[in-house]
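What follows is a single structure, written as structure tokens, with notes after it.
Read-outs: derived from the displayed coordinates by stated rules, not from any lab. Every value quoted in this text rests on a predicted model; they were computed, and no experiment measured them. Every residue, glycine among them, receives a Cβ derived from its backbone with ideal geometry; neighbour counts consider all protein chains shown.
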């Protein structure tokens, strides 16, 4: 990521509440996913939860990307 891109993200986190919420939610899901993936064995329920988390994370990432495109 370029410095300019990082600066834009920092600015959006301060100025754009939708971007900030999407970034925070994406981060929280990343932590949940990391915790689940640390487990040596996953139940079928946990495997399904991982799939759901990954889809939600992607949705937030897409939302952030759309906002970034508007500001570039």
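Brief remarks on what is shown
- For 36, 12, order by how many other beta-carbon atoms lie within 10 Å, fewest first: 36, 12
- Computed helical MRE - 222 nm, the chain, DSSP H runs ≥ 4 contributing -39500 (n - 2.57), nearest 500: -30500 deg cm²/dmol
- The chain: radius of gyration over Cα atoms, expressed as a fraction of 2.2 N^0.38 Å: 1.31
- Degrees, to the nearest 10: 17-38 long Cα axis against longest axis of the chain: 30
- Euclidean distance between Cα centres, region 1-21 to region 23-72, Å: 19
- For the chain, the longest principal axis of the Cα atoms and the long axis of helix 3-15 meet at an angle of about 90 degrees.
- Helix 44-71 vs. the chain, principal-axis angle (Cα, 0 to 90°, nearest 10): 10
- Using the average count of surrounding beta-carbon atoms within 10 Å as a protection proxy, the listed peptides 43-53, 59-69 rank, highest first, as 59-69, 43-53.
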